[in-house]
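Trainee: One structure, as structure tokens, below. Some questions next.
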Amino acid sequence: MVVEIRPFDPPSASADELAASYAVMVAVQSLDHPEQKLPTLEQYIELISVQNSLAGPMRRWLAREDGRVVGHASAIYPEPENRHMTIARIIVTPERRRRGVGTALLRTILPDLGADGRTVVVGHGVKTDASGEQWARALGFVRTHGFIRQILTIADVDPALWQHPVADGFRLERWTDAAPETLLAAYARARTAITDAPSGESTMAHREWTPERVRLHEETLRAGNWGNRVLVAVHEDSGEVAAATELSVRAEQPTRAFQGDTAVVAEHRGHGLGLAVKGAMLRWLTADRPDVEHVSTQTAHDNVHMARINFAVGFTTDAALSELEADLGDLVKRLAAE
């Protein structure tokens with residue numbers, strides 16, 4: 001059966017196309033990630049109608065067999081860092097797997113993955129050792145990094161786990177949506193502290209945070225309907241931000257919060273600041289947003305210290321995920337030979 005692949009633009013798509021795309025997502029997530037709560041059709045449409053991810057602009061495609069949508073693909077073009085790579089995601093409805101649909105999607109979108117001279121294709125958040133990773137590795141992708149996805153179910157956690165006072169000589173500050181000018185530069189420096197987190201063999205570079213990058217990040221979050229909150233520990237003597245943590249809730253998914261980066265500046269480590277800011281963030285979130293039911297995060301599998309902090313405040317691990325990379329030129333040659 002011939003696979004027909006065309007670009008997919010959710011804002012201009014028909015109701016039937018959107019419903020078909022949703023059905024593929026439901027089938028795939030129900031099999032591969034049954035522990036994850038499914039969005040409603042309306043929430044899904046709002047989510048995919050945003051044209052830019054937090055990492056960069058996106059493109060999408062649908063695959064059809066005999067007029068029926070059986071898979072889709074997306075590509076994210078990171079900027080300004082990581083302009084050498086494109087982050088691709090391909091999903092195929094379970095009953096059509098191992099029939100060439102995913103490979104046909106990849107072959108079709110390869111020219112787009114190389115836009116602007118990009119040379120590396122990345123699969124991020126692929127369930128470890130499941131069918132998607134097996135397919136990708138058979139095509140020459142290499143696992144370059146591993147993550148654990150951790151979930152905190154608020155109703156199941158004793159809030160006493162969040163009671164960790166900040167160490168003497170530090171104070172906590174917090175804000176929503178935009179950093180105050182008085183802390184902006186110090187906050188940017190503190191966020192850069194995450195660059196020494198484990199990254200395996202990945203060629204994906206961490207962001208270099210500057211005040212301008214912080215403001216751009218805040219604008220991107222607002223444009224994507226994210227409500228963002230930040231909590232920091234400030235060193236009293238120097239006025240420097242010693243630790244920071246970020247958490248966001250998207251309007252289309254009001255019951256789920258996403259824990260972003262948590263960073264502790266090297267010279268201030270050893271004071272329990274990571275635990276203090278994460279605990280304070282959860283106290284703030286639950287007091288302010290009682291509708292939030294879950295908090296999810298991803299942690300490098302070898303970042304033992306941060307995983308231990310997450311466990312200490314009530315997170316549990318629900319999946320192992322892989323980051324995969326392939327050279328675009330090698331992919332082109334391999335697929336041409338098939």
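The values are calculated or read from the model by the stated rules, or taken from the named source; none is laboratory data. Remember, predicted model here, so these are calculated numbers, not experimental data. In this analysis, Cβ positions are derived from the backbone assuming ideal geometry, glycine residues included, and neighbour counts consider all displayed protein chains.
Trainee: Given ARG64, ARG96, which one is farther than 29 Å from GLU293 by Cβ, among the charged types (D, E, K, R) and modelled with pLDDT of 95 or more?
Mentor: ARG64
Trainee: Given the criterion in contact (Cβ under 8 Å) with a residue 12 or more places away in the chain and either farther than 14 Å from ARG174 by Cα or surrounded by fewer than 22 Cβ atoms within 10 Å (Cβ to Cβ) (or both), identify the matching residue among ALA336, ALA242, ALA257, ALA276.
Mentor: ALA257
Trainee: Please name all residue pairs, on different chains or six or more residues apart, with Cβ atoms under 8 Å, provided the first residue is in region 291-315 and is closer than 16 Å to GLU246 by Cβ and the second residue is of a type in the set (S, T, N, Q) and outside any strand (DSSP E or B).
Mentor: Here the result reads VAL292/THR255; VAL292/THR286; THR297/ASN310; THR299/ASN310, each pair linking region 291-315 to a residue that is of a type in the set (S, T, N, Q) and outside any strand (DSSP E or B).
Trainee: A further question follows. Just for region 156-193: of the residues that are within 30 Å of HIS84 (Cβ to Cβ) and surrounded by fewer than 19 Cβ atoms within 10 Å (Cβ to Cβ), which one is nearest to the chain's Cα centre (by Cα)?
Mentor: Per the criteria, the residue is THR192.
Trainee: Can you spot a residue in region 54-64 that is closer than 17 Å to ASP9 by Cβ, basic (Lys, Arg) and in contact with a Gly (Cβ under 8 Å, 6 or more places away or on another chain)?
Mentor: No, there is no match, as no residue in region 54-64 is closer than 17 Å to ASP9 by Cβ, basic (Lys, Arg) and in contact with a Gly (Cβ under 8 Å, 6 or more places away or on another chain).
Trainee: Same structure again: Those residues that are part of a helix (DSSP H, G or I) and out of contact with any helix residue (DSSP H, G or I) (no Cβ under 9 Å at 6 or more places or on another chain), I need them from region 98-108; list them, please.
Mentor: VAL101, ALA104, LEU105, THR108 - these are the residues of region 98-108 that are part of a helix (DSSP H, G or I) and out of contact with any helix residue (DSSP H, G or I) (no Cβ under 9 Å at 6 or more places or on another chain).
Trainee: In addition: Please state which one of VAL24, VAL70 is modelled with pLDDT of 95 or more and either touching a Lys or Arg at 6+ places or on another chain (Cβ under 8 Å) or more than 30 Å from GLN259 (Cβ to Cβ) (or both).
Mentor: VAL70
Trainee: In addition: Go through (1) assigned to a loop (DSSP other than H, G, I, E, B); (2) touching a residue at least 60 places away in the same chain (Cβ under 8 Å) for ARG83 and report which single condition fails.
Mentor: Condition not satisfied by ARG83: (2).
Trainee: Any idea which residue in region 131-152 is nearest to GLU81 (Cα to Cα), counting only those that are of a type in the set (A, V, I, L, M, F, W, C) and under 19 Å from the mean Cα position of the chain (by Cα)?
Mentor: PHE147
Trainee: Please work out if ARG207 is within 27 Å of HIS33 (Cα to Cα), of a type in the set (Lys, Arg) and not in a helix (DSSP H, G or I).
Mentor: When the stated conditions are applied, ARG207 does not pass them.
Trainee: Do you know which of the residues in region 73-93 that are modelled with pLDDT under 95, among the charged types (D, E, K, R) and within 17 Å of the chain's Cα centre (by Cα) is nearest to VAL24 (Cα to Cα)?
Mentor: GLU79
Trainee: Determine which member of the set GLU17, GLU42 is touching a residue at least 24 places away in the same chain (Cβ under 8 Å) and assigned to a helix (DSSP H, G or I).
Mentor: Within the list GLU17, GLU42, the selection yields GLU17.
Trainee: Got a sec? Which strands (runs of 3 or more DSSP E) wholly within region 211-302 have at least 1 residues that are among the β-branched types (Val, Ile, Thr) and more than 19 Å from the chain's Cα centre (by Cα)?
Mentor: Strands (runs of 3 or more DSSP E) meeting the threshold: 226-235, 241-250, 256-264.
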